[in-house]
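Heads up: the structure comes next, in structure tokens.
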Amino acid sequence: MYKLKNHSGASKRFRKNYKNFKYRQCFRSHILTKKSSKRKRKLRKLCIVNAYNIKKIKSMLPA
């Protein structure tokens with residue numbers, strides 16, 4: 001049996017939670033001056049992948 005490898009792009013973006021996957025929200029890296037403090041504060045939080053996409057991510061991150 002060959003070695004199962006992770007999808008390198010998915011492994012950079014998603015981290016395994018106890019039963020879900022979490023990821024960092026987009027629009028947080030640059031051009032922050034025009035974004036309000038409230039918006040930037042909400043973008044700090046990690047998001048959980050919705051149930052529709054969990055199967056796809058599990059197939060990309062088998063190990």
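No value in this document is a laboratory result; all are computed from the given coordinates. Keep in mind that what you see is a predicted model, and the values were worked out from it rather than measured. Cβ atoms come from the backbone with ideal geometry, glycine included; neighbour counts cover every protein chain shown.
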Inset, instruction - List every residue pair whose Cβ atoms lie under 6 Å apart, where the two residues are 6 or more positions apart in sequence or sit on different chains, the first residue falls within the range 31-52 and is surrounded by 12 or more Cβ atoms within 10 Å (Cβ to Cβ), and the second residue, located anywhere, is outside any strand (DSSP E or B) and not aliphatic (A, V, I, L, M). - result: L43/Q25; L43/R28; C47/Q25; I48/N20
Inset, instruction - State yes or no: is K12 basic (K, R), surrounded by 11 or more Cβ atoms within 10 Å (Cβ to Cβ) and either part of a loop (DSSP other than H, G, I, E, B) or under 13 Å from the mean Cα position of the chain (by Cα) (or both)? - result: no
